[in-house]
1. For the range 1-47, state what percent of all Cα-Cα pairs lands in each successive 10 Å bin, counting from 0 Å until the bin that includes the largest distance.
2. When the chain is fully extended, how far beyond the present Cα-Cα distance does Ala18 get from Arg92, taking 0.36 nm per residue of separation?
3. Provide, in order from the shortest bin, the percent of all Cα-Cα pairs of the range 123-179 in each 5 Å bin, continuing until the bin that contains the maximum pair distance.
4. If the chain between Thr111 and Ala204 were fully stretched, how many nm would it gain, using 0.36 nm times the residue separation less the Cα-Cα distance?
5. Suppose R0 equals 25 Å. What FRET efficiency, 1/(1 + (r/R0)^6) with r the Cβ-Cβ distance, do Val70 and Val140 give to the nearest 0.05?
6. Among 110-120, 6-16, how do they line up by average Cβ neighbours within 10 Å per residue, starting with the highest?
Amino acid sequence: MYWTEFLTVALIHLLAVASPGPDFAVVVRESVTHGRRAGTWTALGVGSAIFLHVGYSLLGIGLIVSQSIVLFNVLKWLAAAYLLYIGFKAIRAKPAAPATEQLHAEPAVRTPKEAYVAGFMTNGLNPKATLFFLSLFTVVINPHTPLWVQAGYGVYLAVATAVWFCLVAMLFSQQRVRAGFARMGHWFDRTMGAVLIALGVKIALTEMH
């Protein structure tokens, strides 16, 4: 009975998640810089943040946020500030130390918690995600659809998002891919930092329609 609605939700989600954005940028950066485990934990953080969006959409809080310029701007500036923070941190990357120094240097380790939080914060604070889920649960999904069915859609969206970005992490954490980026050294970090800063500025300039 709800298959048509579900397929519509799945298609819209596929188009949204496949388009490059803050989530994609942060997963790629974590995967290339820190490896597959960090990239996967970042992907799981992005996926689990979907439950946050689904939760307030089902509770109707998303509608309140969409109608309140103050609340929307608070969310927008928090998201922009976070992306600018990690962007500027990346853009200040320094050239790699000489090989002789690297032999005695401790490798930078990214803990699963740090990687997870990076993914969760990036997706959870994204105001565009708020507007996406609000429109999904108010326009695409029929308000008369049972709550348990809508919750099922939410579980699917979270799992599908996590799986998609885990695949992205697997691709960009391959040794050959990482070696290619590594040859660019600190320039890769600086480029990804610039991308994150640009996305942060773009979010900061987002207006509520």
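1. 26, 37, 24, 12, 1
2. Working: separation 74, 0.36 × 74 = 26.64 nm, distance 2.87 nm.
Gain on stretching Ala18 to Arg92: 23.8 nm.
3. 4, 15, 17, 20, 15, 11, 8, 5, 3, 2, 0
4. Working: separation 93, 0.36 × 93 = 33.48 nm, distance 2.92 nm.
Full extension of this stretch gives 30.6 nm more.
5. Values: r = 27 Å, r/R0 = 1.08.
After rounding to 0.05, the efficiency reads 0.40.
6. Details: 110-120: 18.3, 6-16: 14.4.
So the order, starting with the most tightly packed, is 110-120, 6-16.
Each value in this text was obtained by applying a stated rule to the coordinates, not by laboratory testing. Computed from a predicted structure; not experimentally measured. Here the Cβ is made from the backbone with ideal geometry for all residues, glycine too, and neighbour counts use every protein chain on show.
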